[in-house]
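Here the structure comes first, spelled out in structure tokens, and everything after it is commentary.
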Amino acid sequence: LSANMHTGALVANYPFDGPSSGSYSASDDDDVFIQLASCYADAHPNMESGGFEGGITNGADWYALFGGMQDWNYVYESDFDITLEQNEVKWPNSNLLEGLWAEHRDPMISYIEQVNRGVRGIVLDSVTGEPVNATISVDGINHNVYTDPENGDYYRLLTPGNYTITVSAFGYLSQSVPIIVPSESYINLDFNLSLDPWLLEAEIEDFEVGEFQS
């Protein structure tokens with residue numbers, strides 16, 4: 001979860017930012033992004049006065065932008081990112097900073113707390129207990145997140161509802177689990193993956209380092 005901050009408008013802007021201005025461009029996690037943007041706008045004392053319904057907007061529905069951070073982070077970095085337009089004055093004077101901080105402090109805290117929504121856990125090797133570099137998929141949503149290979153932990157933001165979570169990793173048997181995400185919290189779901197029996201009999205060579213022996 002992250003956000004990038006701008007001035008020049010007063011609105012919480014969420015992906016996608018393209019391709020066409022004035023046309024709503026929904027990501028595969030559109031409901032999550034609406035929840036994130038609304039959380040920020042609702043906690044702000046007057047963001048709804050910025051001229052956008054509910055104080056939020058889809059990026060492309062407002063105006064198209066190519067190469068923006070929020071789209072990049074979502075598509076390539078397994079990260080949910082929105083753009084916070086924090087003041088209608090593009091270059092506010094320094095004497096306005098204290099007031100801006102007071103207005104945006106609680107919304108930023110509320111936004112950070114959104115990381116505690118959805119499902120999270122740790123993926124480990126069932127024998128060694130070591131972290132596994134795994135992919136976390138949700139049935140019906142064409143967007144994956146990934147474990148931290150150093151620690152094996154993952155965080156998959158989701159809105160409340162019923163889902164099926166699948167964890168997969170090279171050389172391991174995949175596991176799928178149905179879950180119910182509550183309205184005000186998260187599900188903790190750990191996985192212990194077993195080696196694929198096929199792998200125990202396979203001869204694996206690494207073309208990346210040119211180690212072809214057979």
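The values are calculated or read from the model by the stated rules, or taken from the named source; none is laboratory data. These numbers were taken from a predicted model, which means no experiment stands behind them. Backbone-built Cβ (ideal geometry, glycine too); neighbour counts: all protein chains shown. Ligands, DNA and RNA are excluded from the accessible area calculation, which covers all protein heavy atoms including side chains. Shrake-Rupley method; radii C 1.70, N 1.55, O 1.52, S 1.80 Å.
Among the candidates ASN93, ASN73, ASN4, the residue that is over 27 Å from ASP139 (Cβ atoms) and either out of contact with any helix residue (DSSP H, G or I) (no Cβ under 9 Å at 6 or more places or on another chain) or of a type in the set (Gly, Ala, Ser) (or both) is uniquely ASN93. When GLN114 is tested against (1) open to solvent by 30 Å² or more (accessible area, probe 1.4 Å); (2) closer than 30 Å to ASN162 by Cα, exactly one condition is not met: (1). Residues that are surrounded by fewer than 19 Cβ atoms within 10 Å (Cβ to Cβ) and either at pLDDT below 95 or in a helix (DSSP H, G or I) (or both) within region 24-34 comprise ASP30, ASP31, ILE34, listed in sequence order. Scanning region 149-158 for residues that are assigned to a strand (DSSP E or B) and buried (at least 17 other Cβ atoms within 10 Å of the Cβ) gives TYR154, TYR155, ARG156. Note on region 159-214: residues that are in a loop (DSSP other than H, G, I, E, B), in contact with a Gly (Cβ under 8 Å, 6 or more places away or on another chain) and either at positive phi or open to solvent by 80 Å² or more (accessible area, probe 1.4 Å) (or both) total 1. If you go through region 5-18 and keep only what is open to solvent by less than 20 Å² (accessible area, probe 1.4 Å) and outside any loop (DSSP other than H, G, I, E, B), you end up with ALA9, LEU10, VAL11, ALA12, ASN13, TYR14.
Per-residue answers, yes or no, for (1) surrounded by 12 or more Cβ atoms within 10 Å (Cβ to Cβ); (2) over 24 Å from ASP31 (Cβ atoms); (3) in contact with a strand residue (DSSP E or B) (Cβ under 7 Å, 6 or more places away or on another chain):
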residue: ASN73; (1), (2), (3): yes, no, yes
residue: THR83; (1), (2), (3): yes, no, yes
residue: SER94; (1), (2), (3): no, yes, no
residue: ASN133; (1), (2), (3): yes, yes, no
residue: SER137; (1), (2), (3): yes, no, yes
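Looking at SER38, SER21, just one residue is open to solvent by less than 80 Å² (accessible area, probe 1.4 Å) and closer than 17 Å to LEU157 by Cβ, and that residue is SER38. Within region 130-157, the set of residues being without any contact (Cβ under 8 Å) to a residue 24 or more places away in the chain and farther than 21 Å from ILE179 by Cβ comprises GLU130, PRO131, PRO149, GLU150.
For region 13-56, the set of residues classified as in contact with a His (Cβ under 8 Å, 6 or more places away or on another chain) and closer than 17 Å to ASN73 by Cα consists of SER27, ASP28, ASP29, listed by residue number. Against the test of being aliphatic (A, V, I, L, M), within 18 Å of ASN4 (Cβ to Cβ) and free of Cβ contacts under 8 Å to residues at least 24 places away in the same chain, the options VAL32, VAL75 yield a single qualifying residue, VAL75.
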